[in-house]
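The values are calculated or read from the model by the stated rules, or taken from the named source; none is laboratory data. Predicted model only: the values in this text are computed from it and were never measured. Cβ atoms come from the backbone with ideal geometry, glycine included; neighbour counts cover every protein chain shown.
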Amino acid sequence: MTLFVFMREYAKLRDIRAMCHAGDCGACIVSAIFKDKMIAVNSCLVLVLNCDRWHIITSEALGNKREGYHPIQTALAKKNGSQCGYCSPGMVMNMYSLGKGLSMQQIENSFGGNICRCTGYRAILDAFKGFAIDAHPSMVKDIQDIEELYKIKSCRKNKMPCVRSYYNKQPSDEKKMLSIKLEDAHFYKVFMIEDLFTIFEENPKATYILNGGNTAHGVYPSSKKDIYIDINDIPDLYNIEKTDSILVLGGSLTLTTALETFQKYSNDTGFKYLSHLAQHVEIIANVPVRNIGTIAGNLMLKYQHEEFSSDLFLILETVGTQVHVLKSPSEKESLYLSEFLNFDMHHKIIYSVVLPSLDDKYVCRFYKIMPRAQNARGHVDAGFLFTFDHNDGKVLAFPNIIFCGINKHFKHAKQTEQLVAGRSIFDEKILKLIIEKLHVELQPDHVLPDYSPEFRKILAEGLFYKFLLSIQPERVASYYRSGATLLERNLSSAKQEYNTKKAIWPVSKPMPKLEALEQTSGEVQYCNDMGPYFREVFCAFVVTEIGNGKIESFDTSNAFKIKDVVAFFSAKDIPGKNLCISAISKMTSLPEDELLFAEENVLYAGQPVGVIVANTHNSANEAAKLVKIIYKKPLPKTKPVISIEDALNSQDNTRIRESANIPAKTKGNDIKHVIKGVFQCGGQYHHSLETQSCVCVPVENDIIDVYPSSQWMNLIQVSIATCLNVQNNSVNVHVNRLGGSFGSKISRNAQISCACALVCHKLKRPTRFVMTTESDMQSIGKRYSMRQEYEVGVNNDGVIQYLKSKHWSNCGSSFNEPQAAIIASYMERNCYLTNTWTIVGFDVRTDLPSNTFCRASGSTEGVAMMENLMEHIAKVTKKDSMKIRLANMNKIDKILLSPMIENLLKKAEYEENKNDAIWFNLRNRWKKRGIAMIPTKYLITFEGQHSAIVSVCARDGSVCVTHSGIEIDQGINTKIAQMAAQTLDIDIEMISVKGSNNLATPNNSATGHSITEEYCGFATMHACEQILNRLEPIREKNKNLTWKDLIFIAYEQGIDLCAHYTRMNAPKEFVLGVTTALVEIDVLTGQHVIGRVDLMIDSGVSLNPEIDIGQVEGAFVMGIGYWTSENLIYNPDTGVLINNRLWNYKSPGAKDIPADFRVYLINNTNDSLGIYGSKSFDESSFCMSYVIPIAFRYALNSARADAGNTKWYQLDGPCTIERILLTSLTNKDMMVYKEEKYKNRSQRN
């Protein structure tokens, strides 16, 4: 049992949350105090029995509403660093555990293990950097001002913010071995080596695991063992010994301690190379994992899983480390690490590692190329150790050339090592010989989800070349020296500009979310925080492992061997229709039935065939894996249809549906160039930290209270009623808030909620269904992938004479929520003149989970398609791309966008940065910069209805508002409170916005982007006005009444103090924006840094600029992930999603955001149809993130020109490290020291 499970399920502490249960997301982080130190730990990894004598501090213990909040919590809340709030307690506890005395850079580097999908990190980093010792005085003052505004609790003794911990027992000096007989295993806590070997001797055949930090579970989930042995209190395993010739580190030392030790001794003679080890350890996993992950544990993970790319093994093997293994308390074996991997470690333990002294003739370097800046497995890692003559460059001894990520057996490039010995590495001919040998020796395998062998080979060669360039850069031509270093990112900085209308405050007033403080402390409730309930059960889906085929039967016998298993339900157990979405219900964008459980035909890998029910969450998920699905033989010979290309090649016309056909109104006749091309972009996992969840509680008369993590209460109500064959009024739906969604919980939660309600209905017991990250990613639909084929005719000025565009959208297993028509609509009504455009869109059915809306669906793909087209035209016509855009704009939007473009050109210092980039590229072969600008017209459309109820309490005049919108991360409740307070002319503190439910606001539409704020706000204002109209006669008679007295008099006179209003379809609007981005890429590795982004949006009157800025930044950063690192990799034979967890699916982290991020909200047009002149612009910045791939293109243009190719090339999304490196055309033949090969540099574009 993990500490997380113990705290949530047994201690009933609901302020601790989790998502990945693997140490990757950071939602579960708590502070642990033991052995006189305080560290952040992932409670989802550490075992509770290993926490003996630990003091555990959670965020609610750190500060709360009753006792006052901690400065870290208040800073995060006030700086708008909490949007959905699900990640906030983990953020707070990570920051708290860092302690004091850190620089801003150190703080910024410490959040690699905390994921936030909502904010874009900028506000979080700003809040926490205010506590740094080098923080700007203005940042320090902000923190001081915040502390004065809020109730900060203090300990009387020392006047420091105080906390309470959940353990108060004093450490014991007793060293007697602890033995606990568990239900199905035995736990030991040992204090001496002798005790450990006694256990081995007494249990010769038992399976066992030695527990240090248990962080390996996050990479390779461990199977059940007979014996668990806590070795964290064996003093001998914590030894640190330093002599002139060796450095000894005990096996149980954590990676954090190893890092500190390397730093401590890195200036000592013979050990200066430790600074390189320290730098590399800093990019192993993340701070909480390094805090408890041990040296021995990491090496044993490599021992047990040879394919594991252990950074620690790499660096220790590179410098010639030995490992000491105890075979008994008195028998020790010394092994080199390569020998250790083949040594029998059964009933043995790593005692220590021994690092040698290396003189100054040795040069040591390490490299790790990851899909994002922090907390990721490397595509290829490398370690190099050379000793050479500094005068002639001759290698004096056998070097170490080591790679991880080639194949599981490859470690040393032995043939290359042999070739290099005794040769001068600065000789151009020798260099060519070495690179050629390495090229032959490197033979990468291809095990998905690893990137292609071609990419990994070029990357490995590039890293070796980078190492050679770094040894003595002065020997290398200046043109090539940039290849000697990795990219460097500056400390994050940001700027926000906006206007506010004080005349209408609190509307338009910049303020944090009203519930922000409770979010940072973990006091707010999400779906899984409801309860716990007496006799509740837990659910997990049993899913298919193939993408097509037929089901014959199920074998549940192994699952029911787990004693906690209660039941298994499949399609035959459903009292109503086996549907989670019913076409007959006529819900918006859902024209087709979707099955709750597969019956016979398998539609996709991961399709639920039933639900297993158990008394615990872990038992349900364990049992689900044990249910065997028996498929009819023979299995289909055809592979599942996964991609659009698969569907087109299948010749199955039922898979392709034309959804849009917009013919051109005219055609130009000045056609000088005909351009053809293809553009594609992939899918995207929504990655909300709260996975799909639902809690159902039976009440009287077969009524069920349902608490789903859903954006659409009406869909949940109708779907459950259809499934259970009950009336709609038997289903009460309540939603407090969501822990993020980004579209994933509009329709996709219906399947989870129906299954949960089915179990509740059948068993008459409270039921909880919380999907694991793995099941969520495998079974739930995602953003559509897209393909476009285009032909465009233009004149010499690049003005489009005609365009023929076809696009296809991957719908997954159903045509529900189709996207092709949405894309076509955005293309037709964009900022360009489209009367010569023919746009045809097709929806495509494939063998994947039914895909769904995802932040800025359709508009993102439409913008990317058009802007890629403009770049293609500019390339062919040899014109400036912004001039091409302006030449093709329609007149109305050009009038509006032109001044915005001019304004941003100045603010972003665009021309200056562009000239600098050109100059930089001319002088550097291996690093390239690109700068780009794009305009955007984002369309706001919505058909549906939303409502609100406003009630005034008679005795004190306080106001309750219930609306049909769902609080996700967008601050809808805060904005509703602002509007209600402004309309009623009372303090905002008088307003309480309640959780949403289908009783008060039935039959309403889904909560979409911020248009829902407009609808619910409009309804709230009208409901308030109804009440004010009723109060007006009393006011006329009593001019000076207080609000409280006015309300009570109205109550006494029988005036209704409750009002309801529903708003139907609203007019369509648009949002204009302009964005610039400056990027730098490394042409030897494919890595990138986003140096600066300037983003300008015509926002109208922002209802709350602080919240809106956060939404803009968050959407843009999510877009960065979409265009750079997030790709979905499926098994082509089965359709199973292979990168189905955070270990191998990487959304952006805190250091992947723009280093300089500037956002400008302007009110340019003053023609908004929204309330108070506002606009629903929060998702528009996601569309604007396509500026990043265009900036990459300009950097790549320079690299490709250096390689001798200036032709147009297809650059699809996402622009991963692999795509950037392969597109750059880098290859081994270009890896030279001198410049003769490129004499015509000035002619390159």
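In the set L237, L255, L247, which member is in contact with a helix residue (DSSP H, G or I) (Cβ under 8 Å, 6 or more places away or on another chain) and under 20 Å from V363 (Cα atoms)? Reasoning before the result, please.
Numbers: L237 fails: under 20 Å from V363 (Cα atoms); L255 fails: under 20 Å from V363 (Cα atoms).
Testing whether each residue is in contact with a helix residue (DSSP H, G or I) (Cβ under 8 Å, 6 or more places away or on another chain) and under 20 Å from V363 (Cα atoms) leaves just L247.
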Could you please find all residues in the stretch 510-554 being farther than 24 Å from T616 by Cβ and of a type in the set (K, R)?
K513, K550
Give the residues of the stretch 501-545 that are of a type in the set (A, V, I, L, M, F, W, C), under 23 Å from the mean Cα position of the chain (by Cα) and not in a helix (DSSP H, G or I), sorted by residue number.
V524
Residue count, the stretch 832-848 (criterion: farther than 30 Å from D1133 by Cα and touching a Pro at 6+ places or on another chain (Cβ under 6 Å)):
1
Here are some residues: G841, G812. Which one is touching a Ser or Thr at 6+ places or on another chain (Cβ under 6 Å), buried (at least 21 other Cβ atoms within 10 Å of the Cβ), farther than 25 Å from G1121 by Cβ and outside the structural domain of S996 (by TED's automatic domain parsing)?
G841
What number of residues within the stretch 472-517 satisfy the criterion of being of a type in the set (V, I, T) and touching a His at 6+ places or on another chain (Cβ under 9 Å)?
0
Selection within the stretch 100-148 - within 21 Å of E1113 (Cα to Cα), assigned to a loop (DSSP other than H, G, I, E, B) and over 22 Å from the mean Cα position of the chain (by Cα)
G130
Listed residues K994, K1039; which is out of contact with any helix residue (DSSP H, G or I) (no Cβ under 8 Å at 6 or more places or on another chain) and either among the small types (G, A, S) or under 30 Å from I716 (Cα atoms) (or both)?
K994
Can you pull out every residue in the stretch 934-964 that is hydroxyl-bearing (S, T, Y) and part of a strand (DSSP E or B)?
T936, Y938, S947, S951, T962
What's the number of the condition H409 fails, among (1) exposed (fewer than 15 other Cβ atoms within 10 Å of the Cβ); (2) of a type outside the set (V, I, T); (3) part of a helix (DSSP H, G or I)?
(3)
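Considering only residues that are free of Cβ contacts under 8 Å to residues at least 40 places away in the same chain and of a type outside the set (S, T, N, Q), look in the stretch 673-703 and name the one that is nearest to I873 (Cα to Cα). Steps first, answer last, please.
Restricting attention to the stretch 673-703, the residues satisfying the condition of being free of Cβ contacts under 8 Å to residues at least 40 places away in the same chain are 699-701, 703.
Filter again for of a type outside the set (S, T, N, Q), leaving 699-700, 703.
Details: V699: 64, E700: 67, I703: 61 Å.
For the stretch 673-703, the residue satisfying everything is I703.
Quick check: is even one residue across the stretch 1146-1156 β-branched (V, I, T), part of a loop (DSSP other than H, G, I, E, B) and touching a residue at least 60 places away in the same chain (Cβ under 8 Å)? So that I can check it myself, show each step before the final result.
Initial filter on the stretch 1146-1156 (β-branched (V, I, T)): 1153.
Still in the list and also part of a loop (DSSP other than H, G, I, E, B): 1153.
Okay, now just the ones that are also touching a residue at least 60 places away in the same chain (Cβ under 8 Å), so 1153.
Scanning the stretch 1146-1156 turns up at least one residue that is β-branched (V, I, T), part of a loop (DSSP other than H, G, I, E, B) and touching a residue at least 60 places away in the same chain (Cβ under 8 Å).
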Step by step: first the residues of the stretch 587-641, then only those that are polar (S, T, N, Q) and assigned to a loop (DSSP other than H, G, I, E, B), then the one that is farthest from the chain's Cα centre (by Cα). Which residue is that?
T638
For the stretch 499-508, does any single residue satisfy the condition of being surrounded by 15 or more Cβ atoms within 10 Å (Cβ to Cβ), at pLDDT 95 or above, in contact with a helix residue (DSSP H, G or I) (Cβ under 8 Å, 6 or more places away or on another chain) and assigned by TED's automatic domain parsing to the domain that holds E774?
no
Residue that is nearest to the chain's Cα centre (by Cα), among those in the stretch 1129-1185 that are small (G, A, S) and within 29 Å of L448 (Cβ to Cβ)
S1147
Hits in the stretch 791-809 - residues which are touching a Lys or Arg at 6+ places or on another chain (Cβ under 9 Å) and surrounded by fewer than 22 Cβ atoms within 10 Å (Cβ to Cβ):
E791, G793, N795, N796, D797, Q801, Y802, K806
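Among the residues of the stretch 985-1005, are any acidic (D, E) and assigned to a helix (DSSP H, G or I)?
Of the stretch 985-1005, the ones acidic (D, E) are 985, 987, 989.
Next cut, assigned to a helix (DSSP H, G or I) only: 989.
Yes, the stretch 985-1005 contains at least one residue that is acidic (D, E) and assigned to a helix (DSSP H, G or I).
Quick check on this structure: which one of D392, D381, D359 is on the phi < 0 side of the Ramachandran plot and touching a Cys at 6+ places or on another chain (Cβ under 8 Å)? Don't jump to the end; show me each part of the working.
Values: D392 fails: touching a Cys at 6+ places or on another chain (Cβ under 8 Å); D359 fails: touching a Cys at 6+ places or on another chain (Cβ under 8 Å).
On inspection, the qualifying residue turns out to be D381.
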Output yes when any residue across the stretch 11-22 is surrounded by 19 or more Cβ atoms within 10 Å (Cβ to Cβ) and farther than 30 Å from M777 by Cα, and no when none is.
no
Residue count, the stretch 1163-1192, condition surrounded by fewer than 20 Cβ atoms within 10 Å (Cβ to Cβ) and modelled with pLDDT of 95 or more, comes to 0
Spot the failing condition for V602; the list is (1) aliphatic (A, V, I, L, M); (2) touching a residue at least 60 places away in the same chain (Cβ under 8 Å); (3) within 14 Å of D847 (Cβ to Cβ); (4) in contact with an Asp or Glu (Cβ under 9 Å, 6 or more places away or on another chain), and only one is missed.
(2)
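Can you tell me which residue within the stretch 1193-1209, out of those that are of a type outside the set (G, A, S) and farther than 22 Å from T1075 by Cα, is surrounded by the most Cβ atoms within 10 Å (Cβ to Cβ)? Before you say what the answer is, go through the steps one by one.
Here is the first cut: in the stretch 1193-1209, the ones of a type outside the set (G, A, S) are 1193-1194, 1196-1197, 1200, 1202, 1205-1209.
Still in the running and farther than 22 Å from T1075 by Cα: 1200, 1202, 1205-1209.
Details: R1200: 22, D1202: 25, N1205: 11, T1206: 13, K1207: 6, W1208: 14, Y1209: 15.
Restricting to residues being of a type outside the set (G, A, S) and farther than 22 Å from T1075 by Cα, the top hit is D1202.
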Can you name every residue in the stretch 482-520 that is free of Cβ contacts under 8 Å to residues at least 40 places away in the same chain and within 23 Å of G393 (Cα to Cα)?
A484, T485
Going through the stretch 1027-1044 one residue at a time, which ones are without any contact (Cβ under 8 Å) to a residue 60 or more places away in the chain, part of a helix (DSSP H, G or I) and within 53 Å of the chain's Cα centre (by Cα)?
L1028, N1029, R1030, L1031, E1032
Take the conditions assigned to a loop (DSSP other than H, G, I, E, B), hydrophobic (A, V, I, L, M, F, W, C) and under 30 Å from A484 (Cα atoms) and apply them to W1123. Does it pass?
no
Name the one entry in K1207, K1175 that is free of Cβ contacts under 8 Å to residues at least 60 places away in the same chain and closer than 27 Å to G862 by Cβ.
K1207
Hey, among the residues in the stretch 905-933 that are touching a Ser or Thr at 6+ places or on another chain (Cβ under 6 Å) and in a helix (DSSP H, G or I), which one's surrounded by the most Cβ atoms within 10 Å (Cβ to Cβ)?
N921
For the stretch 239-265, which residues satisfy the criterion of being crowded, with 16+ Cβ neighbours inside 10 Å, within 25 Å of S309 (Cα to Cα) and not β-branched (V, I, T)?
L247, L249, G250, G251, S252, L253, L255, A258, L259, F262, Q263
Among what's in the stretch 1083-1113 and is more than 22 Å from the chain's Cα centre (by Cα), hydrophobic (A, V, I, L, M, F, W, C) and part of a strand (DSSP E or B), pick the residue that is farthest from A932 (Cα to Cα).
I1097
Right, S222: within 30 Å of N1140 (Cβ to Cβ) and polar (S, T, N, Q) or not?
yes
